[in-house]
Amino acid sequence: MLAIGVRELEEALNGKANKIQHDFVRLSEELADINLKLIEADAPEREVLRRELDSLRDQQKVLAEEINIWRKRARDVLQQRTKERLRVFLQELLPIAEGSLKTSVERSLFLLDASEEELAAQLEKEQRPSDRTQAGRLIERARTAYDLRASDSTERIRAAVKFANQSGMAQNDDALLEIEEAIKDDDPLVSEMATLVSMQIHRFRALRVADLSLAHASVKKLVTIDHPNVVPVLIEVLENPRTGFVIKDDKTEEVQNNRSRMLALLRLVKWHTQGAKMAIQMRKFDQDKQLVDAAERALELFPGEWSGPLEEGK
């Protein structure tokens, strides 16, 4: 088991380097953008842009050094030929390790000194089916798995969509409650993972559930989410009029989802992105007059470019 633990630690160390590599690539993209701006900039602006270039290059140098350091540590962990040398290596690594990497270091230290009885108990525990719920397992992965802990949120988004699309998951109130509780987690990546999953579940309910009372409750949740990925979801709600039912006085009434669409429109005004503006512009031709009036009023109040969220009070 120790050999397995060391291999897992090697992967975790390389994962740390990969995470820094993402930041390095992002800086490269920013450098490319600034170089393009330099072509058309006047003299005073060029000086500012050159200073930005110098700053970004300095940051890249630091990141490149960090990447090399973590790659070397990943190689070195396999080069410790005795248990004593490995123990020293792990003890030196422990104070600078964080998150799932720290968990991997602690696991390797445990395996290094564990008795046969402790190893047998650990093996049994790992082979035993988990009693965690599906939501709990996803949250645990967000806490420990490097693919979900990268600076780029692509894998977290993919995992959120996959989770919400499981059969019956969008109707599972217990899972949603567990996910939404994790939004409060102190770990920002765990919190984001939970936010993205919550967003996808509420998207399903807002767009597909026939009970429009439940659908509207999900839209009310969506407008409280402070994450840019919610913008295209709100646009979907706004752009998709549909008929469903509500229950009033024990009677079923057929209604439109216009109040949900109005709520989405008002929140999109506050998000104030170009995508939001284009969606609202199209509502000038909507069949619902209240939406038409609201869209025209929003565009009248904010005629210029929409370049980001409005400050509170505006």
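The values are calculated or read from the model by the stated rules, or taken from the named source; none is laboratory data. Worth saying up front: this structure is predicted, and the values here are computed from it rather than measured. Note that we place each Cβ from the backbone using ideal geometry, even for glycine, and neighbour counts take in every protein chain shown.
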Query raised in the report: In the set Leu234, Leu222, Leu138, Leu238, which member is farther than 26 Å from Leu268 by Cα and touching a helix residue (DSSP H, G or I) at 6+ places or on another chain (Cβ under 6 Å)?
Result: Leu138
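Each row is one residue, and each column tells you yes or no for (1) exposed (fewer than 11 other Cβ atoms within 10 Å of the Cβ); (2) charged (D, E, K, R); (3) outside the structural domain of Asp152 (by TED's automatic domain parsing).
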{"position": "Glu11", "(1), (2), (3)": "no, yes, yes"}
{"position": "Leu63", "(1), (2), (3)": "no, no, yes"}
{"position": "Gln79", "(1), (2), (3)": "yes, no, yes"}
{"position": "Glu84", "(1), (2), (3)": "yes, yes, yes"}
Query raised in the report: Residues Ala276, Ala294, Ala298: which one is touching a residue at least 24 places away in the same chain (Cβ under 8 Å), under 18 Å from His227 (Cα atoms) and buried (at least 19 other Cβ atoms within 10 Å of the Cβ)?
Result: Ala276
Query - Of the criteria (1) farther than 24 Å from Met193 by Cα; (2) part of a helix (DSSP H, G or I), which one Val237 fails - result: (1)
Requested in this report: Give the number of residues within the stretch 252-283 that are of a type outside the set (A, V, I, L, M, F, W, C), farther than 15 Å from Leu310 by Cα and in a helix (DSSP H, G or I).
Outcome: 6
Query raised in the report: So which of Ala182, Ala215 is of a type in the set (A, V, I, L, M, F, W, C), farther than 20 Å from Ala135 by Cα and outside the structural domain of Asp286 (by TED's automatic domain parsing)?
Result: Ala215
Query raised in the report: When Gln281 is evaluated against the numbered criteria (1) out of contact with any Gly (no Cβ under 8 Å at 6 or more places or on another chain); (2) surrounded by 12 or more Cβ atoms within 10 Å (Cβ to Cβ); (3) closer than 22 Å to His202 by Cβ; (4) of a type in the set (S, T, N, Q), which criterion, by number, is the only one it fails?
Result: (3)
Report task. Please enumerate the residues belonging to the stretch 172-207 that are under 22 Å from Gly244 (Cα atoms) and in contact (Cβ under 8 Å) with a residue 12 or more places away in the chain. Result -> Met199, Gln200, Ile201, His202, Arg203, Phe204, Arg205, Ala206, Leu207
Query raised in the report: Just a yes or no: is a residue in the stretch 131-146 modelled with pLDDT under 80, part of a helix (DSSP H, G or I) and not assigned by TED's automatic domain parsing to the domain that holds Leu90?
Result: yes
Query raised in the report: Are any of the residues in the stretch 305-313 touching a helix residue (DSSP H, G or I) at 6+ places or on another chain (Cβ under 9 Å) and either part of a helix (DSSP H, G or I) or buried (at least 17 other Cβ atoms within 10 Å of the Cβ) (or both)?
Result: yes
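One line per residue, one yes/no per condition, for (1) of a type outside the set (S, T, N, Q); (2) exposed (fewer than 14 other Cβ atoms within 10 Å of the Cβ):
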| residue | (1), (2) |
| --- | --- |
| Val223 | yes, no |
| Val230 | yes, no |
| Val246 | yes, no |
| Thr252 | no, yes |
| Gln256 | no, no |
| Leu268 | yes, no |
Report task. State whether one or more residues within the stretch 147-160 are part of a helix (DSSP H, G or I), within 22 Å of Leu13 (Cβ to Cβ) and modelled with pLDDT under 85. Result -> yes
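Please state which one of Ala206, Ala182, Ala215, Ala170 is surrounded by 16 or more Cβ atoms within 10 Å (Cβ to Cβ) and within 18 Å of the chain's Cα centre (by Cα). Walk me through how you get there before you give the answer.
Numbers: Ala206 fails: within 18 Å of the chain's Cα centre (by Cα); Ala215 fails: within 18 Å of the chain's Cα centre (by Cα); Ala170 fails: within 18 Å of the chain's Cα centre (by Cα).
Answer to the selection: Ala182.
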Query raised in the report: What pairs come up if the first residue lies in the stretch 66-94 and is more than 14 Å from Ala12 (Cβ to Cβ), the second is of a type in the set (Gly, Ala, Ser), and their beta carbons are under 7 Å apart, counting only those six or more places apart or on different chains?
Result: Ile67/Ala17
